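Data first, discussion second: the structure below is written as structure tokens.
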Amino acid sequence: MNFKTLFILLFAFSLSLGYAQSNSGEDAKTVKTDKKKKKKKRKKKTKLPKIDLSHWKVTLPVTNDQGKPYEIEPPEIFDFASNEVARPYMYIDSTKGAIVFHAMPTESKTRNTKYTRSELREQMVPGDNNTNWTFKDGGRMKAKIAIDDVTRDSDGKYHRIIIMQIHGRLTNEQRDLIGEDDNNAPPILKIYWDKGKIRVKTKVLKYLDTGLPEILHEDAWDNDDGFNFVQEVGFKKFTLEVKVTEGKMVIILNGNEFKVYESIHMKKWGVFENYFKAGNYFQTRDEGAYAKVRFYELEVSH
């Protein structure tokens, strides 16, 4: 074998060795990438919503043994995820970290409404509806929300959902004074998800000089014209905050758009007690319609 032949053989050998090392490097990279993917999959944890249900009861779109809307109060509400009756209508989405409120038209209607709901009702004293707050006491509710799914009407428009409320309530003495058979008073605040936007409705007195006891009657109050926030939330996450002080109510969308109510109507509303509501109060009786609302966070303070 001459020198030239030997050189060619050595050169070919070095090339094959380099190629083998290069391939083994690529294989190693592939193995490492696969391991990283597996680690990422393993690291994926379940998420839980940041919601304390200690001071809430829920009303669901299903009837109980007496034919009335099914309700769960504290402490039973803490185990709602394992409640077979509640499971289709209020459940945890652990991939999103949210409680889902699912509602559709059923025969489970509360008094004075034709619509059904999967909705929380504030209870300042757990299990008790008789302890509530006034505007003078003040209150704050803040939530992070997203619409999960909602059907459309025959015109192709999304059905509306009330996602937050402040509901009025008569004291027992006020109820007896005007001869009512329940403690129901109008809602001073309704916040809608309305075709991808947030719409606010409140109440106004029909006659500004109305005083006691006439002011306690529901027909003393009328609906205002409503207010639409500029921002379109669609199906994205958004935050809503409601702040109430004596004679004043403020609604804040995503921390940067405000609607302030400060008028004689707000001042005169101080005669009523109130409680917060949050969830899915579905605003249609269309057959086959439904809506699902995700609540990631919900907090209340007074």
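The values are calculated or read from the model by the stated rules, or taken from the named source; none is laboratory data. This structure is a prediction, so every number in the text was calculated from the model and none was measured. Neighbour counts run over all protein chains shown; Cβ positions are idealised from the backbone, glycine included. The protein model used for the area step is the full one, side chains on, heavy atoms only, and it has no ligands, DNA or RNA in it. Shrake-Rupley method; radii C 1.70, N 1.55, O 1.52, S 1.80 Å.
For this structure, a couple of remarks:
- Residue range of the chain that is longest and free of chymotrypsin sites (Phe, Trp or Tyr not before Pro) which are both DSSP loop and sparsely packed (at most 14 other C-beta within 10 Å): 1-206
- Heavy-atom accessible surface of the chain, averaged per residue, reaches 56 Å², computed with a 1.4 Å probe.
- Between T46, T113, T134, the Gaussian network model of the chain with springs among Cα atoms under 10 angstrom shows the greatest mean-square fluctuation at T113.
- The equivalent ellipsoid of segment 166-302 has semi-axes of 28, 18, 14 Å, largest first, where each one is the square root of 5 times an eigenvalue of the Cα gyration tensor.
- For segment 110-117, Karplus couplings with θ = phi - 60° (6.51, -1.76, 1.60), whole Hz, Gly/Pro x: 7, 4, 6, 8, 9, 9, 10, 8
- Volume per residue of the convex hull around the Cα atoms, evaluated for the chain, comes out as 212 Å³.
- Backbone amide hydrogens, once placed in the peptide plane, bring I198 within less than 5 Å of F229, V233, excluding anything fewer than 5 places away on its chain.
- Residue-wise HN-Hα couplings along segment 244-254, as the Karplus relation 6.51 cos²θ - 1.76 cosθ + 1.60 with θ = phi - 60° gives them from phi, are 10, 9, 4, x, 8, 9, 10, 10, 10, 9, 6 Hz; Gly and Pro carry x.
- Using C-alpha pairs under 8 Å with a sequence gap of at least 6, the mean separation divided by the residue count of the chain gives a relative contact order of 24 percent.
- Inter-centroid distance (Cα atoms) of segment 179-221 relative to segment 224-243, Å: 20 Å
- Principal-axis tilt of helix 3-43 within the chain, Cα atoms, nearest 10 degrees: 20 degrees
- Applying a threshold of 18 Å to the alpha-carbon distances of K109/K203; K206/K267; K50/K96; K206/K268 flags K109/K203 as lying beyond it.
- Accessible carbon and sulfur surface of segment 135-241 relative to its total accessible area, %, 1.4 Å: 42 percent
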